[in-house]
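Colleague: Please read through the structure below; I'll follow up with questions.
The values are calculated or read from the model by the stated rules, or taken from the named source; none is laboratory data. Remember, predicted model here, so these are calculated numbers, not experimental data. Ideal geometry is used to build each Cβ from the backbone, glycine not excepted, and the neighbour counts take in all protein chains shown.
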Amino acid sequence: MALSSTVSRRRQGKRKAPRGFLKRVFKRQKPHLRLEKSGDLLVHLSCLLFVHRLAEESRTNACENKCGVINKEHVLAAAKFLPGQNQKLSRPPVTDSMASKTLSIMSPDI
């Protein structure tokens, strides 16, 4: 049996940023905030970059602990490490409750 006859080869389109959702959230949370046209895209990109760095640090923590699966402790340790890594401004460290709230907001329940 040929591969093309059993598996659909539908082309995956490029995924777009959820601009309507982002604008709606900004309006609800901060109605006085004024963003330029592409401001929502910059926020979306910042979130994606943060999640990517968090995933890399979590994977590094899991490898250091000789664990094959990334679990909650690895992610929380990475969240504590990330904020002050490349920034010259001093910020308060991320607590466990702050990191878990951020992750619960970002990750959909499956």
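Colleague: Considering each residue of the stretch 53-63, count those that are exposed (fewer than 15 other Cβ atoms within 10 Å of the Cβ) and charged (D, E, K, R), and give that number.
Modeller: Residues that pass the stated criteria total 2.
Colleague: Does Lys66 meet the test of being exposed (fewer than 11 other Cβ atoms within 10 Å of the Cβ) and at pLDDT 90 or above?
Modeller: Answer is yes for this residue.
Colleague: Which residues, counting only those in the stretch 1-26, are more than 24 Å from the chain's Cα centre (by Cα) and either at pLDDT 90 or above or part of a helix (DSSP H, G or I) (or both)?
Modeller: Residues satisfying the conditions are Leu3, Ser4, Ser5, Thr6.
Colleague: Using beta carbons and a limit of 8 Å, which pairs, at least six apart or on different chains, have the first residue in the stretch 35-59 and in contact (Cβ under 8 Å) with a residue 24 or more places away in the chain and within 12 Å of Leu22 (Cα to Cα) and the second one aliphatic (A, V, I, L, M) and part of a helix (DSSP H, G or I)?
Modeller: Listed by first residue and then by second, the contacts come to His44/Leu22; Cys47/Met106.
Colleague: Suppose the filter is modelled with pLDDT under 90, of a type outside the set (Lys, Arg) and surrounded by fewer than 12 Cβ atoms within 10 Å (Cβ to Cβ); does Gln29 pass it?
Modeller: no
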